[in-house]
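Q: Mind looking over this structure? Questions follow.
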Amino acid sequence: MQEETSARDLNERLALIEAMIAEGHKRTESWGWVFLLWGVAYYVAIGWTTWGAGISIWGKGNSLAWPVTMFVAFVATWIIGIRKGKGQPSTSIGRAIVAIWMSIGVSMLLLFPALAMRGRLDEHVFVAIIAALLGAANGASGIILRWKAMVACAIIWWATGAAACFGSITWVGAIFLAAIFLCQIVFGTYAMVMESRRNRPGGVVHA
């Protein structure tokens, strides 16, 4: 009798964990707009810098491009996120995912300006670091949520970080732009489409 009870408790706990993961997956899909927003923000910063300086993906010619663009993107994310999050219950999985991305975001906000002010931030270092950090965030989130598409994004970012250590500035810029397109624009759009399908009456989505 005790063995049957233990087995039933174990099954109930496993079912609860699966439900929490599914809910976390669903909630993360509703944040697909964040990936898209930041992908566009990266492109705006790169375009602003390139158009202003004519040579660089990092602000050698226009030091305001990245700080201003990232600050605006952060504020927009904060405001929209607060509005979208109202009335939605918080879950342990959801809080874990938010904690991962907030930690990565704070790391970037502190690290990049400090390196830039010390003159130790060139294109290779910038792309390598940002790709590694985004790979870590996507990888941890994807593993927790068992989301293959997000893990694939992590692999792309990690590969980009490693590749950024080699080649010319043109090569670094090209792979960075490609990674942004795949892991921010495409993935963000994909998540938003999945959320839209899920929200339809009778909609069922399999990731």
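Q: For a quick check of your reading of the model, give me the residue pairs whose first member lies in region 179-203 and is more than 30 Å from A128 (Cβ to Cβ), whose second is surrounded by 20 or more Cβ atoms within 10 Å (Cβ to Cβ) and modelled with pLDDT under 90, with beta-carbon atoms closer than 8 Å and at least 6 apart or on different chains.
A: Pairs that qualify, where the first residue is more than 30 Å from A128 (Cβ to Cβ) and the partner is surrounded by 20 or more Cβ atoms within 10 Å (Cβ to Cβ) and modelled with pLDDT under 90, are M194/E29; E195/E29; R198/E29.
Q: Hey, among the residues in region 156-203 that are farther than 22 Å from S30 by Cβ and polar (S, T, N, Q), which one's surrounded by the most Cβ atoms within 10 Å (Cβ to Cβ)?
A: Checking each candidate, the answer is T160.
Q: To continue, here is another question. Can you name every residue in region 45-72 that is surrounded by fewer than 16 Cβ atoms within 10 Å (Cβ to Cβ) and modelled with pLDDT of 75 or more?
A: G47, W51, P67, V68, F71, V72, listed by residue number.
The values are calculated or read from the model by the stated rules, or taken from the named source; none is laboratory data. Please read all numbers here as calculations on a predicted model, not as lab measurements. Positions of Cβ are generated from backbone atoms using ideal geometry, with glycine treated the same way; all protein chains shown enter the neighbour counts.
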